[in-house]
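Only one structure is covered here, and it is reproduced in the block below.
The values are calculated or read from the model by the stated rules, or taken from the named source; none is laboratory data. Predicted model, so just to flag it, every value in this text is computed and none were measured. Heads up, the Cβs are rebuilt from the backbone with ideal geometry, glycines too, and the neighbour counts pull from every protein chain shown.
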Amino acid sequence: MARARLERGDLVRRLSEVFHARGYAGASLADIGTATGLGKGSLYHAFPGGKEEMAAAVLADLADRFADQVFAPLEGGLPPLAAIEAMFDAVHRHFVTDGHICLFGALSLTSDRTPFRARITAHFRRWHQALVACLVRGGVTRAHADGLAGETLALIEGGIVLYRAFAGSAAFEALLARQRARLMAVLAARDSGTAQRTG
């Protein structure tokens, strides 16, 4: 059973690469077969629902990884400063160290009619809301936190596109460092103001 799970996990990761490179609509069964080494019959045996089930499996796998690595620090019991540090560390690890792709972002660009639109929207909404809540816990006004969260997600997602386009992580890592410092400075200023009022 462990071997079967490992093989499916490897298959899902190869499917992820195809959908990232081709998009959902552009990925043909021939492309998928070439990437996985499986014929059409074997692919449909593993995924009776065809390409839609394959993409759903990829998104579920990525969502689980992302929730464990990126959302967990924001939604857990860490102090806001530590949570922001942990989130940026997790983003760097997820995309740079481990080399995962942002299929949610890639699929969101393909078509408004993608069958995964609701799932993609929920993914980014959860991230945005978790980041807003974390900043608000740190004393940032909700309006300011909402703007910072939107800015952060836009910078990260845009940075990932450039990272892949340039085939190098330097610009993306610099962007992460700058935005991390920006959020940390905002939270530190709120901490300082609170300390002065209560001192």
Selection status of VAL70, among the aliphatic types (A, V, I, L, M) and either exposed (fewer than 15 other Cβ atoms within 10 Å of the Cβ) or farther than 16 Å from PHE124 by Cα (or both): no
Breaking point among (1) at pLDDT below 80; (2) of a type in the set (Ser, Thr, Tyr); (3) within 23 Å of THR97 (Cα to Cα), for THR194: (3)
Set ARG164, ARG125: member being surrounded by 15 or more Cβ atoms within 10 Å (Cβ to Cβ), part of a helix (DSSP H, G or I) and not acidic (Asp, Glu): ARG164
Segments classed as helices (runs of 4 or more DSSP H), wholly inside segment 1-92, with at least 3 members that are under 30 Å from LEU135 (Cβ atoms): 51-66, 72-75, 80-92
